[in-house]
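The numbers here are math on the coordinates, done by the rules we state, and not lab data. Nothing here was measured: the structure is a model prediction, and the numbers come from that model. Backbone-built Cβ (ideal geometry, glycine too); neighbour counts: all protein chains shown.
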Amino acid sequence: MKRVQEITEKIIDNVEQVIIGKHQQVQLALIALVCKGHILINDVPGVGKTMLAKAIAKSLDCTFKRIQFTPDMLPSDVTGVSVFDQKTREFQFRPGPIMAQVVLTDEINRATPKTQSALLEAMEERQVTVDGVTHLLGEPFLVLATQNPIEYEGTFPLPEAQLDRFLMQISLGYPSPRDEIAILDSQQHRHPIEGIGQVAAVEELLEIQEGIKEVYVSDALKEYIVALVGATREHPDLYLGSSPRGSLALYRTGQARAAILGRDYVIPDDIKALAHLILCHRLIVHPSARIKEVDPLTVIDEVLASVPVPGAPVRARP
């Protein structure tokens with residue numbers, strides 16, 4: 001796993017020249033990239049979401065596209081369109097912005113459900129179908145979708161099927177006063193995004209994407225993952241628990257986190273550190289529980305406290 005650690009550390013160090021004071025969030029973005037997953041960023045404007053996507057793309061010399069979602073967007077504005085060529089008398093496909101390797105979909109919840117659904121096939125099957133013709137997406141392929149948690153006027157909440165396709169949901173948050181001063185200093189003469197370059201090849205990323213699959217996960221830890229996800233399906237405050245995709249996400253991100261930290265085996269702390277990020281957006285709180293101000297974070301806290309950790313002694317209840 002030394003190879004995985006070396007490559008990811010180079011990328012993280014490079015990105016942190018732009019995203020200051022957010023080591024954990026940058027590491028999580030790399031975990032999603034290594035796991036071939038996608039990220040939902042739920043945060044206010046101006047905290048560095050676009051710069052995070054650009055910095056990752058530049059670190060790997062990947063193609064980058066940004067899609068600003070609006071209510072009048074059509075699915076073809078995302079996937080591309082077939083145009084009739086008068087010279088050849090044939091239809092030619094003009095690819096949309098989704099055909100890039102790193103795609104930032106800004107304010108995804110401002111698009112209509114029909115346009116949002118255009119992302120489903122691309123995110124899960126890594127292909128788009130236009131006029132009956134399927135076009136494969138390149139490798140790697142990472143979607144970073146953002147939504148503003150403050151303004152809900154004129155938005156369309158993401159359906160459960162789409163939320164489930166995001167590997168994790170993160171939030172960058174405001175920087176500390178010291179980090180904000182460092183941001184001011186770093187942009188005194190030019191933006192630091194202009195000064196960073198490629199530090200790893202795409203081939204190296206594809207190599208470690210396969211390499212993390214060799215990280216050992218014990219049977220007891222697999223049972224722990226399934227027990228955590230199963231507990232969300234039985235929780236009285238939840239209308240809908242996590243799907244098996246949540247179990248798979250915990251399993252794969254646990255392997256990636258272990259590898260990035262230099263281990264060839266997963267420990268319970270890996271799973272516990274990722275549980276909120278992987279499971280919260282997959283849960284739907286029952287309306288009666290919302291009145292009591294119960295949220296997915298609280299439910300995951302209760303689940304982590306109630307499910308026995310592998311290797312720890314189980315106390316008999318009095």
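Couple of notes before you dig in:
- Set 114/222; 54/87; 58/272; 2/272; 87/114 screened for pairs whose C-alpha atoms are more than 29 Å apart: 114/222; 54/87; 58/272; 87/114
- Against the main long axis of the alpha-carbon atoms of the chain, helix 296-306 sits at an angle near 40°.
- Ordering 271, 308, 255 by Cα displacement along the dipole of the range 215-311 toward the positive end leaves 255 in first place; charges were set at the Cβ atoms of Lys, Arg (+1) and Asp, Glu (-1).
- Projected label distance in nm at residue 245 and residue 191, using a 7 Å step from Cα toward the beta-carbon: 3.2 nm
- For the pair residue 131 and residue 203 in one chain, pulling the backbone fully straight at 0.36 nm per residue adds 22.7 nm over the alpha carbon distance.
- Against the rule of thumb 2.2 N^0.38 Å, how large the Cα Rg of the range 179-289 comes out: 1.46
- Using the average count of surrounding beta-carbon atoms within 10 Å as a protection proxy, the listed peptides 158-170, 212-224, 99-111 rank, highest first, as 99-111, 158-170, 212-224.
- Restricting the calculation to alpha carbons of the chain gives Rg and Dmax of 20.7, 83 angstrom.
- Charges were assigned to the Cβ only: +1 to each Lys and Arg, -1 to each Asp and Glu. The resulting dipole of the range 4-49 about its Cα centre is roughly 180 debye.
- Helix 219-234 axis, angle to the chain major axis (alpha carbon atoms, nearest 10°): 80 degrees
- Around the Cα centre of the range 244-318, unit charges on the Cβ atoms of Lys, Arg, Asp and Glu (plus for the first two, minus for the last two) sum to a dipole of about 160 debye.
- Between the range 142-168 and the range 244-318, the Cα center-to-center distance that results, in Å: 21 Å
- Here the contact order of the chain, divided by its residue count and restricted to Cα pairs under 8 Å and six or more residues apart, works out to 23 percent.
- Residue among 77, 13, 131 with the largest mean-square fluctuation in a Gaussian network model of the chain, springs linking Cα atoms under 10 Å: 131
- Other residues lying with their Cβ under 14 Å from the Cβ of residue 69 contribute a combined charge of 0, Lys and Arg counting +1, Asp and Glu -1.
- Helices in the chain, meaning DSSP H runs of at least 4 residues, each add -39500 (n - 2.57). Divided by all residues, the mean residue ellipticity at 222 nm is -13000 deg cm²/dmol.
- Theoretical FRET efficiency, 1/(1+(r/R0)^6), r = Cβ-Cβ of residue 151 and residue 92, R0 41 Å, to 0.05: 0.55
- Total charge dipole magnitude, the chain, about the Cα centre, Cβ charges on Lys, Arg, Asp, Glu only, Debye to nearest 20: 200 debye
- Label point at residue 306 placed 7 Å out along Cα→Cβ; residues across the range 199-238 whose backbone nitrogen lies under 18 Å: 224-238
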